Every structure is written in structure tokens, then in C-alpha cells.
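Here the structure comes first, spelled out in C-alpha cells, and everything after it is commentary.
No lab work stands behind these numbers, since they all come straight from the coordinates. In this text the structure is predicted, and so the values were computed from the model without any measurement. All Cβ positions, glycine included, derive from the backbone under ideal geometry; neighbour counts span all protein chains shown.
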Amino acid sequence: MRILLSCLLICTLDGSLLYAQHTVVMKSGEKMNGKVESLNNGIIVFQYKGNTMKINTGDVYSINFSESVAAKANQGMESISAAPREIGEKQITAGSYMVRYKVADRVIAKPPRIDNLTQEKGTVVVAISIDKYGHVLKAEPGAEGTTTQSGYLKTKAKQAAESALFNNVPTAPTEQSGYMIIVF
């Protein structure tokens, strides 16, 4: 693992040097941009704002490895980025999953229950409608931004969205629309 990680950080298969930028996403939702130096015995050594940090892998949700634009241009690689966040979009941790969502002036009071009993990966965007009491009335997976065709992941995303409970706002409209993004 350490050899593979070192190669991801500094070289390509042909041995050319890459300039790397890494984003460590903590389970708390905090994101830190820096450079992963090593991963050994469950400890990540990470350069962040000029400081060396040692982070337990159990506290980390994900590590995103991305090369600089100049390195990609030299390699002829395409840029792949996460879906852009919209203004007002919120994020919550549900088990080991990060969920992004947006419903005007509402927050999740009870996080969704998410499970994935397969090795399938992908992002499912679920269009949701909620009532003024915070109950999810409708959940339609596969909205724009979904990256998988998996019926299983879409079903699990729909079940997760339906299990969420938003805050109770008695003065809210009888039905509000929004979305939930679940990355499996």
C-alpha cells in the first residue's frame, strides 16, 4: 500500500513527475487541502498549511488525489471534478457516508439511514419533496448529476432519502422541493 501511495503521489507509470494536491475529507465534514506524505499502520502523515499532521485513518472519510492543471496538460489527462456545490447546499454525515442536500430554509433533523451491501460505487441524486413537518413525501432517484445506472444504488438512495427527517417548520409551504446527493 505504501509503495502504491508513493507512486500516486509523485510519479506516473512512465516515471514522470506530477505535482500533487490532495484533499483529506474528515468524517466531521472538515476538508483540508495539502499533501499526503505517507500512509502507514493506519496513520496518514499530511502536510497542511506548512505543518505536519498525523491523522488516524478512522477519522478520515476520503482522500482525493488530484494533479495540478499543468501536470495534467503535460500528461494529456482530462480533468475530473466533483459536482459543484450550489449556494445554500448543506452537508451531513450519515453513518460512514457524506450526504449533500438542499431544501430552502430547512435542515435535516434525523439523518438518512444508508447501507450498501455491494461493492458498487456511484453518485445518486435524489429529487425530494417534503411537507412542513419535515417528512419526505416523494423521493425520485436518478436526477441530473447521477453517475450510476445501478438500480440497486438508486433503490438504496431512494430508501435513504425517505428515511430522513427535516426540521418542523409549521409556517412553511405544504410541500417544498429539493434534492439529496448520496455518494456510494
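Per-structure values
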| quantity | calculated |
| --- | --- |
| Restraint check, LYS27/LYS132; LYS27/LYS110; LYS110/LYS156; LYS54/LYS102, Cα-Cα greater than 22 Å | LYS27/LYS132; LYS54/LYS102 |
| Sequence-distant residues sharing a close amide H with GLY122 (under 5 Å, placed H) | PHE184 |
| Residues with amide H under 5 Å from that of VAL60, placed H, sequence gap 5 or more | LYS27 |
| At R0 = 25 Å, FRET efficiency that the Cβ-Cβ distance of LYS27 and ASP131 yields, to 0.05 | 0.25 |
